[in-house]
1. Counting only protein heavy atoms and using a 1.4 Å probe, what share of the accessible area of the chain belongs to carbon plus sulfur, as a whole percent?
2. Only Cα pairs under 8 Å and at least 6 apart count here; give the relative contact order of the chain as a rounded whole percent.
3. Just to confirm my numbers, what's the Cα centroid distance between segment 458-515 and segment 236-308 in Å?
4. What are the residues whose amide H is under 5 Å from the amide H of residue 288, where those residues sit 5 or more places off or on another chain and H is modelled from the backbone?
5. Amide H to amide H, which residues 5 or more places from residue 475 or on other chains are under 5 Å from it, using H placed in the peptide plane?
6. Please list, by residue number, everything in segment 327-364 whose backbone N is under 17 Å from a paramagnetic label point 7 Å out along Cα→Cβ of residue 284.
7. Arranged from highest to lowest average of other beta-carbon atoms within 10 Å per residue, in what order do the peptides 39-47, 399-407, 341-349, 431-439 appear?
8. Compute the signed sum of charges (Lys and Arg +1, Asp and Glu -1) over the other residues within less than 13 Å, Cβ to Cβ, of residue 487.
Amino acid sequence: SFLLLCYRTSLVTPLILGLLLQPPLTQLSIITQPNVVLLMADDLGIGDVGCYGNDTIRTPNIDRLAKEGVKLTQHIAAAPLCTPSRAAFLTGRYPLRSGMDAINNYRVIFWNGGSGGLPPNETTFAKILQQQGYSTGLIGKWHQGVNCQSRNDHCHHPLNHGFDYFYGMPFTLISDCQPTETPEMDRVFRRKLWVYTQMIGLAILTAALGRLTGLILVRWKTLTCLAGFSIVFFVSWFSSYGFVRYWNCIMMRNHEVTEQPMVTDRTTSLILRESVSFIERNKHKPFLLFLSFLHSHTPLLTTEKFLGRSSHGLFGDNVEEMDWMVGQVLDAIDKEGLKNTTLVYFTSDHGGWLERQEGKRQLGGWNGIYRGGKAMGGWEGGIRVPGIFRWPGVLPAGTVIDEPTSLMDIYPTVVHLAGGVLPQDRVIDGRDLMPLLQGTVKHSEHEFLFHYCGIHLHAVRWHQKDSGAIWKAHYVTPIFHPLGAGACYDRGFCPCFGEGVTHHDPPLLFDLSRDPSEAKPLSADTEPLFDTVIRKIGRAIEEHRRTLTPVPEQLSLYNVVWKPWLQPCCGTFPFCWCDKEGDN
(Lines give C-alpha, C1' and ligand atoms only; values in the text may rest on other atoms or scores of the structure.)
Protein backbone atom coordinates (compact mmCIF):
# COMPACT_ATOMS: atom_id res chain seq x y z
CA SER A 1 0.00 0.00 0.00
CA PHE A 2 2.95 2.28 0.75
CA LEU A 3 4.30 1.72 -2.77
CA LEU A 4 0.84 2.36 -4.24
CA LEU A 5 0.59 5.61 -2.26
CA CYS A 6 4.01 6.73 -3.50
CA TYR A 7 3.00 5.93 -7.08
CA ARG A 8 -0.23 7.94 -6.80
CA THR A 9 1.68 10.81 -5.17
CA SER A 10 4.18 10.81 -8.02
CA LEU A 11 1.29 11.20 -10.47
CA VAL A 12 -0.67 13.83 -8.54
CA THR A 13 2.25 16.07 -7.51
CA PRO A 14 3.16 17.24 -11.08
CA LEU A 15 -0.53 17.83 -11.78
CA ILE A 16 -0.91 20.02 -8.67
CA LEU A 17 2.30 21.89 -9.45
CA GLY A 18 1.11 22.45 -13.00
CA LEU A 19 -2.18 23.89 -11.79
CA LEU A 20 -0.42 26.11 -9.26
CA LEU A 21 2.00 27.42 -11.86
CA GLN A 22 -0.77 28.05 -14.41
CA PRO A 23 -1.30 31.85 -14.62
CA PRO A 24 -4.79 33.16 -13.87
CA LEU A 25 -6.92 34.33 -16.79
CA THR A 26 -6.19 37.99 -16.16
CA GLN A 27 -2.47 37.31 -16.18
CA LEU A 28 -2.83 35.17 -19.29
CA SER A 29 -4.57 38.03 -21.06
CA ILE A 30 -1.61 40.29 -20.22
CA ILE A 31 0.90 37.71 -21.48
CA THR A 32 -1.03 37.37 -24.73
CA GLN A 33 -1.57 41.11 -25.28
CA PRO A 34 -2.35 41.57 -28.97
CA ASN A 35 -0.74 44.19 -31.13
CA VAL A 36 -3.26 46.88 -32.07
CA VAL A 37 -3.26 48.63 -35.45
CA LEU A 38 -5.86 51.37 -35.82
CA LEU A 39 -6.41 52.73 -39.33
CA MET A 40 -8.46 55.93 -39.60
CA ALA A 41 -9.35 57.62 -42.88
CA ASP A 42 -10.10 61.34 -43.04
CA ASP A 43 -13.45 62.51 -44.48
CA LEU A 44 -14.16 59.08 -46.03
CA GLY A 45 -17.85 58.41 -46.59
CA ILE A 46 -19.34 55.01 -45.80
CA GLY A 47 -20.42 54.82 -49.44
CA ASP A 48 -16.84 55.17 -50.70
CA VAL A 49 -15.81 51.62 -49.74
CA GLY A 50 -16.45 48.45 -51.76
CA CYS A 51 -17.60 46.25 -48.87
CA TYR A 52 -20.18 48.91 -47.94
CA GLY A 53 -21.75 48.95 -51.40
CA ASN A 54 -19.48 51.00 -53.69
CA ASP A 55 -18.93 49.07 -56.93
CA THR A 56 -16.88 51.68 -58.80
CA ILE A 57 -14.07 52.69 -56.39
CA ARG A 58 -11.74 49.72 -55.93
CA THR A 59 -10.83 49.00 -52.28
CA PRO A 60 -9.69 45.35 -52.34
CA ASN A 61 -7.54 45.58 -49.19
CA ILE A 62 -10.21 47.18 -47.01
CA ASP A 63 -12.69 44.65 -48.45
CA ARG A 64 -10.27 41.85 -47.51
CA LEU A 65 -10.26 43.07 -43.91
CA ALA A 66 -14.06 42.78 -43.85
CA LYS A 67 -13.96 39.31 -45.45
CA GLU A 68 -11.42 38.08 -42.90
CA GLY A 69 -13.07 39.80 -39.92
CA VAL A 70 -16.16 41.59 -38.62
CA LYS A 71 -17.97 44.42 -40.40
CA LEU A 72 -20.13 46.85 -38.42
CA THR A 73 -22.95 48.44 -40.39
CA GLN A 74 -24.08 50.90 -37.72
CA HIS A 75 -20.77 52.32 -36.53
CA ILE A 76 -21.24 55.90 -35.34
CA ALA A 77 -18.81 58.81 -34.90
CA ALA A 78 -19.36 60.91 -31.78
CA ALA A 79 -19.12 64.12 -33.85
CA PRO A 80 -19.37 65.04 -37.55
CA LEU A 81 -16.03 66.92 -37.72
CA CYS A 82 -12.35 65.98 -37.29
CA THR A 83 -11.26 67.55 -34.00
CA PRO A 84 -14.22 66.59 -31.77
CA SER A 85 -14.64 63.14 -33.36
CA ARG A 86 -10.97 62.27 -32.82
CA ALA A 87 -11.04 63.62 -29.26
CA ALA A 88 -13.94 61.26 -28.52
CA PHE A 89 -12.13 58.37 -30.22
CA LEU A 90 -8.96 58.91 -28.16
CA THR A 91 -10.74 59.38 -24.81
CA GLY A 92 -13.84 57.19 -25.14
CA ARG A 93 -15.94 60.20 -24.11
CA TYR A 94 -18.32 62.57 -25.84
CA PRO A 95 -16.17 65.55 -26.88
CA LEU A 96 -18.09 68.12 -24.86
CA ARG A 97 -16.93 66.27 -21.70
CA SER A 98 -13.36 67.38 -22.49
CA GLY A 99 -14.30 70.81 -23.86
CA MET A 100 -13.52 69.71 -27.42
CA ASP A 101 -16.89 70.69 -28.92
CA ALA A 102 -17.57 74.26 -30.00
CA ILE A 103 -19.95 76.91 -28.72
CA ASN A 104 -19.30 79.01 -31.86
CA ASN A 105 -18.73 78.43 -35.57
CA TYR A 106 -15.06 77.52 -35.06
CA ARG A 107 -15.71 73.84 -34.55
CA VAL A 108 -12.19 72.44 -35.06
CA ILE A 109 -8.60 73.38 -34.17
CA PHE A 110 -7.78 76.20 -36.62
CA TRP A 111 -4.07 76.83 -36.09
CA ASN A 112 -0.97 75.00 -34.91
CA GLY A 113 -0.36 78.30 -33.09
CA GLY A 114 -3.67 78.17 -31.21
CA SER A 115 -3.86 77.42 -27.49
CA GLY A 116 -6.80 74.98 -27.51
CA GLY A 117 -6.48 71.22 -27.74
CA LEU A 118 -6.98 67.89 -26.01
CA PRO A 119 -6.54 68.75 -22.31
CA PRO A 120 -3.50 67.24 -20.55
CA ASN A 121 -5.78 65.81 -17.84
CA GLU A 122 -7.59 63.58 -20.36
CA THR A 123 -6.42 59.95 -20.37
CA THR A 124 -6.19 58.49 -23.87
CA PHE A 125 -6.17 54.77 -24.61
CA ALA A 126 -2.57 55.26 -25.78
CA LYS A 127 -1.57 56.41 -22.29
CA ILE A 128 -3.08 53.30 -20.67
CA LEU A 129 -1.49 50.95 -23.22
CA GLN A 130 1.82 52.72 -22.68
CA GLN A 131 1.51 51.99 -18.96
CA GLN A 132 0.77 48.34 -19.83
CA GLY A 133 4.13 48.03 -21.58
CA TYR A 134 3.06 48.74 -25.17
CA SER A 135 5.16 50.67 -27.66
CA THR A 136 2.78 53.33 -28.90
CA GLY A 137 3.03 55.25 -32.16
CA LEU A 138 0.94 57.79 -34.04
CA ILE A 139 1.68 58.27 -37.74
CA GLY A 140 -0.24 60.88 -39.76
CA LYS A 141 -2.83 63.42 -38.68
CA TRP A 142 -3.25 64.66 -35.10
CA HIS A 143 -5.45 67.82 -35.12
CA GLN A 144 -5.75 67.92 -31.32
CA GLY A 145 -3.57 70.98 -30.69
CA VAL A 146 0.13 71.45 -29.87
CA ASN A 147 0.94 74.09 -27.21
CA CYS A 148 -0.80 75.88 -24.33
CA GLN A 149 1.30 78.78 -23.08
CA SER A 150 4.67 78.68 -24.81
CA ARG A 151 6.13 77.48 -28.10
CA ASN A 152 7.73 74.40 -26.58
CA ASP A 153 5.40 73.29 -23.78
CA HIS A 154 3.76 70.67 -26.09
CA CYS A 155 0.89 70.25 -23.64
CA HIS A 156 -1.52 68.97 -26.32
CA HIS A 157 1.12 67.08 -28.32
CA PRO A 158 0.76 63.32 -28.99
CA LEU A 159 3.84 62.59 -26.84
CA ASN A 160 2.00 64.16 -23.90
CA HIS A 161 -0.99 61.88 -24.53
CA GLY A 162 0.58 58.45 -24.36
CA PHE A 163 2.37 58.08 -27.68
CA ASP A 164 6.07 57.13 -27.56
CA TYR A 165 6.55 58.14 -31.18
CA PHE A 166 4.90 60.65 -33.49
CA TYR A 167 5.50 61.38 -37.14
CA GLY A 168 3.03 63.41 -39.16
CA MET A 169 0.96 66.58 -39.25
CA PRO A 170 0.08 68.18 -35.92
CA PHE A 171 -2.68 69.94 -37.88
CA THR A 172 -4.81 68.60 -40.74
CA LEU A 173 -4.38 68.57 -44.48
CA ILE A 174 -6.03 71.57 -46.20
CA SER A 175 -5.94 72.93 -49.75
CA ASP A 176 -3.68 75.77 -48.58
CA CYS A 177 -0.92 73.13 -48.24
CA GLN A 178 -0.88 72.72 -52.02
CA PRO A 179 0.35 75.94 -53.70
CA THR A 180 -1.58 75.14 -56.89
CA GLU A 181 -4.93 74.80 -55.09
CA THR A 182 -7.49 77.48 -54.16
CA PRO A 183 -7.12 78.42 -50.46
CA GLU A 184 -9.61 76.59 -48.25
CA MET A 185 -9.09 77.82 -44.70
CA ASP A 186 -11.58 80.50 -43.60
CA ARG A 187 -12.04 81.40 -47.26
CA VAL A 188 -15.07 83.71 -46.84
CA PHE A 189 -13.60 85.49 -43.80
CA ARG A 190 -10.29 86.08 -45.61
CA ARG A 191 -12.13 87.67 -48.55
CA LYS A 192 -13.93 90.00 -46.15
CA LEU A 193 -10.67 91.01 -44.48
CA TRP A 194 -9.11 91.76 -47.86
CA VAL A 195 -12.14 93.84 -48.91
CA TYR A 196 -12.04 95.77 -45.59
CA THR A 197 -8.32 96.43 -46.06
CA GLN A 198 -8.91 97.78 -49.57
CA MET A 199 -11.81 99.97 -48.36
CA ILE A 200 -9.71 101.45 -45.55
CA GLY A 201 -6.79 102.07 -47.92
CA LEU A 202 -9.06 103.68 -50.52
CA ALA A 203 -10.65 105.93 -47.89
CA ILE A 204 -7.22 107.10 -46.64
CA LEU A 205 -5.98 107.67 -50.20
CA THR A 206 -9.12 109.67 -51.05
CA ALA A 207 -8.72 111.77 -47.91
CA ALA A 208 -5.05 112.43 -48.70
CA LEU A 209 -5.87 113.54 -52.26
CA GLY A 210 -8.65 115.73 -50.89
CA ARG A 211 -6.23 117.31 -48.44
CA LEU A 212 -3.69 118.00 -51.21
CA THR A 213 -6.29 119.61 -53.46
CA GLY A 214 -7.90 121.53 -50.61
CA LEU A 215 -11.28 119.82 -51.05
CA ILE A 216 -11.18 118.11 -47.63
CA LEU A 217 -10.07 119.80 -44.41
CA VAL A 218 -8.22 117.09 -42.53
CA ARG A 219 -4.98 117.31 -40.56
CA TRP A 220 -1.92 115.40 -41.77
CA LYS A 221 -1.52 114.03 -38.25
CA THR A 222 -4.98 112.43 -38.52
CA LEU A 223 -4.15 110.95 -41.92
CA THR A 224 -0.89 109.57 -40.55
CA CYS A 225 -2.75 107.92 -37.66
CA LEU A 226 -5.30 106.42 -40.07
CA ALA A 227 -2.51 105.14 -42.32
CA GLY A 228 -0.83 103.60 -39.29
CA PHE A 229 -4.11 101.94 -38.29
CA SER A 230 -4.59 100.51 -41.78
CA ILE A 231 -1.06 99.04 -41.73
CA VAL A 232 -1.63 97.50 -38.28
CA PHE A 233 -4.99 96.08 -39.42
CA PHE A 234 -3.42 94.56 -42.54
CA VAL A 235 -0.44 93.09 -40.68
CA SER A 236 -2.68 91.72 -37.91
CA TRP A 237 -4.54 89.41 -40.28
CA PHE A 238 -2.04 88.92 -43.09
CA SER A 239 0.67 87.72 -40.67
CA SER A 240 -1.52 84.68 -40.03
CA TYR A 241 -3.74 84.15 -43.07
CA GLY A 242 -1.06 85.24 -45.52
CA PHE A 243 1.27 82.43 -44.35
CA VAL A 244 -1.14 79.55 -43.70
CA ARG A 245 1.11 77.14 -45.59
CA TYR A 246 4.06 77.94 -43.31
CA TRP A 247 2.12 77.99 -40.05
CA ASN A 248 -0.22 75.00 -40.51
CA CYS A 249 1.22 72.76 -43.24
CA ILE A 250 4.14 71.33 -41.32
CA MET A 251 5.48 67.86 -40.52
CA MET A 252 6.92 66.84 -37.16
CA ARG A 253 8.90 63.90 -35.81
CA ASN A 254 8.20 63.78 -32.09
CA HIS A 255 8.77 67.40 -30.93
CA GLU A 256 10.95 68.41 -33.89
CA VAL A 257 9.59 70.21 -36.95
CA THR A 258 11.03 68.38 -39.97
CA GLU A 259 9.32 70.20 -42.86
CA GLN A 260 8.02 73.77 -42.86
CA PRO A 261 6.17 73.95 -45.13
CA MET A 262 5.60 70.28 -45.90
CA VAL A 263 6.71 68.90 -49.26
CA THR A 264 3.42 67.37 -50.37
CA ASP A 265 4.90 65.32 -53.23
CA ARG A 266 6.52 62.88 -50.81
CA THR A 267 4.13 62.99 -47.82
CA THR A 268 2.35 59.74 -48.72
CA SER A 269 5.56 57.74 -49.15
CA LEU A 270 7.01 59.09 -45.88
CA ILE A 271 3.88 58.24 -43.87
CA LEU A 272 3.83 54.71 -45.31
CA ARG A 273 7.56 54.26 -44.69
CA GLU A 274 7.22 55.40 -41.08
CA SER A 275 4.24 53.07 -40.48
CA VAL A 276 6.03 49.98 -41.81
CA SER A 277 9.21 50.94 -39.95
CA PHE A 278 7.29 51.24 -36.67
CA ILE A 279 5.92 47.70 -37.08
CA GLU A 280 9.38 46.33 -37.91
CA ARG A 281 11.03 48.09 -34.93
CA ASN A 282 8.46 46.90 -32.41
CA LYS A 283 7.67 43.37 -33.60
CA HIS A 284 9.20 41.73 -30.50
CA LYS A 285 6.86 43.41 -27.97
CA PRO A 286 3.20 44.48 -27.95
CA PHE A 287 2.64 47.66 -29.91
CA LEU A 288 -0.12 50.13 -30.69
CA LEU A 289 0.05 51.80 -34.10
CA PHE A 290 -2.50 54.51 -34.84
CA LEU A 291 -2.15 55.24 -38.56
CA SER A 292 -4.20 58.38 -39.06
CA PHE A 293 -4.36 58.86 -42.84
CA LEU A 294 -4.28 62.26 -44.54
CA HIS A 295 -6.40 60.61 -47.25
CA SER A 296 -9.14 61.46 -48.29
CA HIS A 297 -9.18 65.10 -47.14
CA THR A 298 -8.69 67.88 -49.67
CA PRO A 299 -6.43 68.71 -51.46
CA LEU A 300 -6.45 64.93 -52.05
CA LEU A 301 -2.69 64.38 -52.22
CA THR A 302 -2.29 61.52 -54.71
CA THR A 303 0.91 60.16 -56.20
CA GLU A 304 1.30 60.00 -59.97
CA LYS A 305 1.02 56.20 -59.91
CA PHE A 306 -2.67 56.45 -58.93
CA LEU A 307 -3.78 59.52 -60.89
CA GLY A 308 -6.52 58.77 -63.41
CA ARG A 309 -7.00 55.18 -62.24
CA SER A 310 -10.53 55.43 -60.85
CA SER A 311 -13.81 56.35 -62.48
CA HIS A 312 -14.48 58.96 -59.75
CA GLY A 313 -11.82 61.52 -60.63
CA LEU A 314 -9.23 62.70 -58.15
CA PHE A 315 -11.28 61.69 -55.10
CA GLY A 316 -11.58 58.10 -56.32
CA ASP A 317 -7.85 58.02 -57.17
CA ASN A 318 -7.08 59.19 -53.64
CA VAL A 319 -9.26 56.54 -51.99
CA GLU A 320 -7.71 53.79 -54.13
CA GLU A 321 -4.24 54.95 -53.11
CA MET A 322 -5.24 54.85 -49.44
CA ASP A 323 -6.53 51.30 -49.93
CA TRP A 324 -3.15 50.38 -51.42
CA MET A 325 -1.47 51.85 -48.31
CA VAL A 326 -3.74 49.69 -46.13
CA GLY A 327 -2.55 46.69 -48.15
CA GLN A 328 1.10 47.63 -47.60
CA VAL A 329 0.56 47.82 -43.83
CA LEU A 330 -1.22 44.44 -43.82
CA ASP A 331 1.65 42.96 -45.83
CA ALA A 332 4.15 44.29 -43.27
CA ILE A 333 2.14 42.63 -40.48
CA ASP A 334 2.10 39.33 -42.44
CA LYS A 335 5.80 39.57 -43.28
CA GLU A 336 6.73 39.83 -39.59
CA GLY A 337 4.48 36.87 -38.72
CA LEU A 338 2.15 39.04 -36.63
CA LYS A 339 -1.17 38.43 -38.39
CA ASN A 340 -2.65 36.15 -35.73
CA THR A 341 -1.50 38.32 -32.83
CA THR A 342 -2.67 41.67 -34.22
CA LEU A 343 -6.07 43.31 -33.97
CA VAL A 344 -6.57 45.53 -37.04
CA TYR A 345 -9.35 48.15 -37.12
CA PHE A 346 -10.40 50.41 -40.00
CA THR A 347 -12.73 53.40 -39.83
CA SER A 348 -13.25 57.05 -40.84
CA ASP A 349 -13.46 60.01 -38.47
CA HIS A 350 -16.88 61.07 -39.88
CA GLY A 351 -18.91 61.12 -43.09
CA GLY A 352 -17.98 62.49 -46.50
CA TRP A 353 -17.97 66.23 -47.28
CA LEU A 354 -20.81 66.72 -49.74
CA GLU A 355 -20.29 70.46 -50.26
CA ARG A 356 -16.61 70.20 -51.17
CA GLN A 357 -16.56 71.06 -54.84
CA GLU A 358 -14.40 73.07 -57.24
CA GLY A 359 -16.47 73.95 -60.29
CA LYS A 360 -17.89 70.66 -61.54
CA ARG A 361 -15.32 68.57 -59.64
CA GLN A 362 -16.67 66.71 -56.60
CA LEU A 363 -13.81 66.60 -54.09
CA GLY A 364 -15.73 65.20 -51.12
CA GLY A 365 -16.96 61.71 -50.30
CA TRP A 366 -20.22 59.84 -50.74
CA ASN A 367 -22.35 58.58 -47.88
CA GLY A 368 -24.34 55.93 -49.72
CA ILE A 369 -28.03 55.73 -48.88
CA TYR A 370 -27.61 57.89 -45.78
CA ARG A 371 -28.86 61.46 -45.59
CA GLY A 372 -26.49 64.37 -44.96
CA GLY A 373 -22.72 64.46 -44.53
CA LYS A 374 -19.74 66.03 -42.79
CA ALA A 375 -20.52 68.77 -40.24
CA MET A 376 -24.14 67.61 -39.83
CA GLY A 377 -24.52 66.42 -36.26
CA GLY A 378 -27.77 64.49 -36.60
CA TRP A 379 -28.20 63.03 -40.06
CA GLU A 380 -26.72 59.55 -40.56
CA GLY A 381 -24.51 60.58 -43.49
CA GLY A 382 -22.39 62.76 -41.23
CA ILE A 383 -21.79 60.19 -38.50
CA ARG A 384 -22.29 56.63 -39.82
CA VAL A 385 -18.86 55.39 -40.88
CA PRO A 386 -17.07 52.16 -41.83
CA GLY A 387 -16.11 49.94 -38.89
CA ILE A 388 -14.07 46.79 -39.60
CA PHE A 389 -12.17 44.53 -37.15
CA ARG A 390 -9.83 41.66 -38.00
CA TRP A 391 -8.11 39.29 -35.59
CA PRO A 392 -7.69 35.80 -37.10
CA GLY A 393 -8.54 32.96 -34.75
CA VAL A 394 -10.25 35.27 -32.28
CA LEU A 395 -12.92 37.12 -34.30
CA PRO A 396 -15.15 35.09 -36.64
CA ALA A 397 -14.39 35.84 -40.30
CA GLY A 398 -17.06 37.15 -42.65
CA THR A 399 -19.33 38.39 -39.85
CA VAL A 400 -21.69 41.36 -40.27
CA ILE A 401 -23.15 43.09 -37.19
CA ASP A 402 -26.01 45.59 -37.47
CA GLU A 403 -25.97 46.85 -33.88
CA PRO A 404 -25.36 50.48 -32.79
CA THR A 405 -21.66 50.91 -31.97
CA SER A 406 -19.46 53.96 -31.57
CA LEU A 407 -15.91 55.08 -32.33
CA MET A 408 -15.76 55.71 -28.57
CA ASP A 409 -15.98 51.91 -28.06
CA ILE A 410 -12.40 51.45 -29.26
CA TYR A 411 -11.18 52.93 -25.99
CA PRO A 412 -12.54 50.33 -23.54
CA THR A 413 -12.00 47.54 -26.09
CA VAL A 414 -8.24 48.04 -26.50
CA VAL A 415 -7.75 48.92 -22.81
CA HIS A 416 -9.39 45.59 -21.86
CA LEU A 417 -7.28 43.65 -24.36
CA ALA A 418 -4.10 45.24 -23.00
CA GLY A 419 -5.01 44.21 -19.47
CA GLY A 420 -5.51 47.81 -18.39
CA VAL A 421 -8.17 49.38 -16.18
CA LEU A 422 -10.55 52.13 -17.27
CA PRO A 423 -10.27 55.46 -15.41
CA GLN A 424 -12.65 55.45 -12.45
CA ASP A 425 -12.73 59.23 -11.91
CA ARG A 426 -14.69 60.13 -15.06
CA VAL A 427 -17.53 59.00 -17.29
CA ILE A 428 -16.45 56.68 -20.12
CA ASP A 429 -19.14 56.61 -22.82
CA GLY A 430 -17.63 53.79 -24.90
CA ARG A 431 -18.37 50.10 -24.35
CA ASP A 432 -16.11 47.05 -24.72
CA LEU A 433 -16.92 45.54 -28.12
CA MET A 434 -15.20 42.16 -27.72
CA PRO A 435 -18.29 40.21 -26.52
CA LEU A 436 -20.28 41.56 -29.49
CA LEU A 437 -17.47 40.99 -31.98
CA GLN A 438 -16.89 37.42 -30.77
CA GLY A 439 -20.60 36.61 -30.82
CA THR A 440 -20.96 35.86 -27.11
CA VAL A 441 -23.70 38.52 -26.87
CA LYS A 442 -26.27 39.48 -29.50
CA HIS A 443 -26.84 43.13 -28.67
CA SER A 444 -24.70 46.22 -28.27
CA GLU A 445 -24.47 47.64 -24.75
CA HIS A 446 -25.56 51.03 -26.09
CA GLU A 447 -29.21 51.76 -25.41
CA PHE A 448 -28.93 55.47 -26.26
CA LEU A 449 -26.45 57.41 -28.39
CA PHE A 450 -26.46 61.22 -28.37
CA HIS A 451 -25.64 63.09 -31.56
CA TYR A 452 -24.15 66.54 -31.04
CA CYS A 453 -23.33 69.37 -33.42
CA GLY A 454 -20.85 71.46 -31.45
CA ILE A 455 -22.33 71.64 -27.94
CA HIS A 456 -25.86 71.50 -29.38
CA LEU A 457 -27.77 68.23 -29.10
CA HIS A 458 -29.29 67.62 -32.53
CA ALA A 459 -30.53 64.03 -32.33
CA VAL A 460 -30.77 60.94 -30.10
CA ARG A 461 -30.82 57.25 -31.05
CA TRP A 462 -32.67 54.67 -28.93
CA HIS A 463 -31.99 50.99 -29.51
CA GLN A 464 -35.16 49.22 -28.33
CA LYS A 465 -33.58 45.80 -27.98
CA ASP A 466 -36.73 43.78 -27.27
CA SER A 467 -38.37 44.87 -30.55
CA GLY A 468 -35.30 45.45 -32.73
CA ALA A 469 -36.41 49.00 -33.51
CA ILE A 470 -33.81 51.76 -33.66
CA TRP A 471 -35.62 55.01 -33.03
CA LYS A 472 -33.98 58.32 -33.82
CA ALA A 473 -35.40 61.68 -32.80
CA HIS A 474 -34.13 64.89 -34.44
CA TYR A 475 -34.55 68.04 -32.34
CA VAL A 476 -32.53 70.29 -34.67
CA THR A 477 -31.76 69.89 -38.39
CA PRO A 478 -29.80 72.12 -40.79
CA ILE A 479 -31.63 74.01 -43.52
CA PHE A 480 -30.36 72.69 -46.84
CA HIS A 481 -29.66 75.09 -49.68
CA PRO A 482 -30.98 74.83 -52.31
CA LEU A 483 -34.01 73.34 -50.58
CA GLY A 484 -34.05 69.58 -50.94
CA ALA A 485 -30.41 69.49 -52.10
CA GLY A 486 -29.29 67.37 -49.15
CA ALA A 487 -26.47 69.73 -48.10
CA CYS A 488 -25.65 73.39 -47.39
CA TYR A 489 -24.03 74.28 -50.72
CA ASP A 490 -24.41 78.01 -50.07
CA ARG A 491 -22.26 77.91 -46.92
CA GLY A 492 -19.84 75.06 -47.58
CA PHE A 493 -20.71 73.65 -44.14
CA CYS A 494 -24.04 73.19 -42.39
CA PRO A 495 -24.25 75.21 -39.15
CA CYS A 496 -25.19 73.89 -35.70
CA PHE A 497 -27.31 76.83 -34.55
CA GLY A 498 -28.79 80.17 -35.59
CA GLU A 499 -30.71 81.03 -38.74
CA GLY A 500 -29.31 78.04 -40.63
CA VAL A 501 -31.14 75.41 -38.57
CA THR A 502 -34.73 74.37 -37.82
CA HIS A 503 -35.88 73.38 -34.33
CA HIS A 504 -38.50 70.62 -34.18
CA ASP A 505 -41.15 70.33 -31.47
CA PRO A 506 -42.22 67.57 -31.46
CA PRO A 507 -38.98 66.15 -32.85
CA LEU A 508 -38.73 64.39 -36.20
CA LEU A 509 -38.87 60.65 -35.49
CA PHE A 510 -37.54 57.81 -37.66
CA ASP A 511 -37.20 54.06 -37.19
CA LEU A 512 -33.81 53.36 -38.74
CA SER A 513 -34.49 49.61 -38.81
CA ARG A 514 -37.23 50.31 -41.39
CA ASP A 515 -36.04 53.64 -42.82
CA PRO A 516 -32.21 53.89 -42.67
CA SER A 517 -32.24 56.79 -45.16
CA GLU A 518 -34.39 58.89 -42.79
CA ALA A 519 -36.73 59.70 -45.66
CA LYS A 520 -40.17 59.39 -43.98
CA PRO A 521 -40.61 61.01 -40.55
CA LEU A 522 -43.18 59.33 -38.34
CA SER A 523 -45.95 61.10 -36.45
CA ALA A 524 -48.51 60.31 -33.78
CA ASP A 525 -50.95 59.52 -36.59
CA THR A 526 -48.70 57.05 -38.40
CA GLU A 527 -46.85 55.50 -35.43
CA PRO A 528 -48.82 54.25 -32.38
CA LEU A 529 -45.69 54.32 -30.19
CA PHE A 530 -44.76 57.91 -31.16
CA ASP A 531 -45.56 59.55 -27.80
CA THR A 532 -44.07 56.67 -25.80
CA VAL A 533 -40.81 56.81 -27.75
CA ILE A 534 -40.49 60.59 -27.47
CA ARG A 535 -41.07 60.45 -23.70
CA LYS A 536 -38.52 57.67 -23.28
CA ILE A 537 -35.88 59.57 -25.26
CA GLY A 538 -36.69 62.76 -23.34
CA ARG A 539 -36.01 61.02 -20.01
CA ALA A 540 -32.74 59.64 -21.40
CA ILE A 541 -31.63 63.19 -22.35
CA GLU A 542 -32.36 64.40 -18.82
CA GLU A 543 -30.30 61.56 -17.31
CA HIS A 544 -27.48 62.16 -19.80
CA ARG A 545 -27.33 65.89 -19.02
CA ARG A 546 -27.01 65.13 -15.31
CA THR A 547 -23.69 63.41 -16.10
CA LEU A 548 -22.22 66.52 -17.75
CA THR A 549 -19.93 68.84 -15.80
CA PRO A 550 -18.55 72.26 -16.84
CA VAL A 551 -15.05 72.17 -18.35
CA PRO A 552 -12.84 74.80 -20.04
CA GLU A 553 -13.85 75.42 -23.66
CA GLN A 554 -10.91 74.32 -25.79
CA LEU A 555 -12.47 75.76 -28.96
CA SER A 556 -13.36 79.18 -27.56
CA LEU A 557 -12.59 82.17 -29.77
CA TYR A 558 -9.51 82.97 -27.67
CA ASN A 559 -8.18 79.41 -27.94
CA VAL A 560 -8.67 79.05 -31.69
CA VAL A 561 -7.02 82.33 -32.81
CA TRP A 562 -3.40 82.26 -34.00
CA LYS A 563 -0.83 83.28 -31.41
CA PRO A 564 2.69 83.94 -32.76
CA TRP A 565 4.32 82.90 -29.46
CA LEU A 566 2.77 79.41 -29.73
CA GLN A 567 3.64 78.77 -33.38
CA PRO A 568 5.87 75.67 -33.87
CA CYS A 569 8.94 76.86 -35.76
CA CYS A 570 12.04 75.08 -37.02
CA GLY A 571 14.04 78.29 -37.19
CA THR A 572 14.04 81.62 -35.36
CA PHE A 573 10.49 82.96 -35.46
CA PRO A 574 9.21 84.35 -37.82
CA PHE A 575 11.83 82.85 -40.17
CA CYS A 576 10.37 79.36 -40.06
CA TRP A 577 11.32 77.13 -42.93
CA CYS A 578 13.23 73.87 -43.19
CA ASP A 579 13.39 70.53 -44.97
CA LYS A 580 15.11 67.92 -42.81
CA GLU A 581 13.76 65.00 -44.86
CA GLY A 582 15.37 66.14 -48.11
CA ASP A 583 18.98 65.95 -49.29
CA ASN A 584 19.84 69.44 -47.97
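1. On the way: 14860 of 25180 Å².
With neighbouring chains kept in place, the figure for the chain is 59 percent.
2. Numbers: 1229 pairs, mean separation 150.1, N = 584.
For the chain, the relative contact order is 26 percent.
3. 35 Å
4. Those qualifying (amide H under 5 Å, at least 5 residues apart or on another chain) are 36, 135, 136, 137.
5. 459, 460
6. From segment 327-364, the list is 336-338.
7. Details: 39-47: 26.4, 399-407: 20.2, 341-349: 24.1, 431-439: 18.7.
The densest-packed peptide leads the list: 39-47, 341-349, 399-407, 431-439.
8. +2
The values are calculated or read from the model by the stated rules, or taken from the named source; none is laboratory data. Just so you know, these numbers come straight off a predicted model, no measurement behind them. Ideal geometry is used to build each Cβ from the backbone, glycine not excepted, and the neighbour counts take in all protein chains shown. Calculation scope for accessible area: heavy atoms of the full protein, side chains included, ligands and nucleic acids excluded. Shrake-Rupley method; radii C 1.70, N 1.55, O 1.52, S 1.80 Å.
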